Amino acid sequence: MIVVSNTTPLVALTKLNRFNLLFDLFAEVVVAQAVYNEVMKAGHRLGGAREAVQAATWIKRLNVRDHLAIDLLLDELDRGEAETIVLAREIKADWVLMDEKKGRRKLDQLQISYVGTAGLLLWAKKEGLLSKVRPELEMLRQKGFSLSQPVMQTILRQAGEA
């Protein structure tokens, strides 16, 4: 399975002390150079994400080839999101890890499958890697991540915790 991640899921899972779920679920995660740069540049503010990404030998960093496509997406998205989407198309990713609404809308338009951090936690529960999702979602909110009540309720219902 080919999985490309944007910055936010990497940071969120690090702040939850659940970064290892990415390896447990996928064995390898690909990031675009811009995502890697974002994590390295803002690492001190990202709750250990810099150290986690540097230490994770299972995270593969790739450069995007189609710079014109990136430039076109930069009207709507930041560089990390744009490179993540273009890279996902270039390497025919099965999944993109993305939380940002604008990025997810673009992924919908391009018919690329995606999952956000809350969905990853649900996936981990279904795979037996977490016993409960609710405490993780509540911790995400406490750590300042935006998670709407409808999304939270949907995830909890799907997890059998509503």
Yes/no for D99 being touching a residue at least 12 places away in the same chain (Cβ under 8 Å), under 17 Å from L16 (Cα atoms), in the same structural domain as P9 (by TED's automatic domain parsing) and not aliphatic (A, V, I, L, M): yes
Residue under evaluation D99, criteria (1) touching a helix residue (DSSP H, G or I) at 6+ places or on another chain (Cβ under 8 Å); (2) part of a helix (DSSP H, G or I); (3) not small (G, A, S), criterion not met: (2)
Positions within region 113-162 being in contact with a strand residue (DSSP E or B) (Cβ under 9 Å, 6 or more places away or on another chain), buried (at least 19 other Cβ atoms within 10 Å of the Cβ) and assigned to a loop (DSSP other than H, G, I, E, B), in sequence order: G116
Residue under evaluation R105, criteria (1) in contact with a Leu (Cβ under 7 Å, 6 or more places away or on another chain); (2) among the charged types (D, E, K, R); (3) assigned by TED's automatic domain parsing to the domain that holds E76, criterion not met: (1)
Which numbered condition E81 misses (of (1) crowded, with 21+ Cβ neighbours inside 10 Å; (2) within 19 Å of A124 (Cβ to Cβ); (3) modelled with pLDDT of 95 or more; (4) not aliphatic (A, V, I, L, M)): (2)
Candidate set from region 48-61 (those that are under 16 Å from the mean Cα position of the chain (by Cα) and either among the polar types (S, T, N, Q) or surrounded by fewer than 18 Cβ atoms within 10 Å (Cβ to Cβ) (or both)); member that is farthest from V30 (Cα to Cα): G48
Residues (of a type in the set (A, V, I, L, M, F, W, C) and surrounded by 15 or more Cβ atoms within 10 Å (Cβ to Cβ)) located in region 92-112: A93, W95, V96, L97, M98, L107, I112
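The values are calculated or read from the model by the stated rules, or taken from the named source; none is laboratory data. All values derive from a computational prediction rather than experimental measurement. Here Cβ is always computed from backbone atoms with ideal geometry, including for glycine, and neighbour counts include all displayed protein chains.
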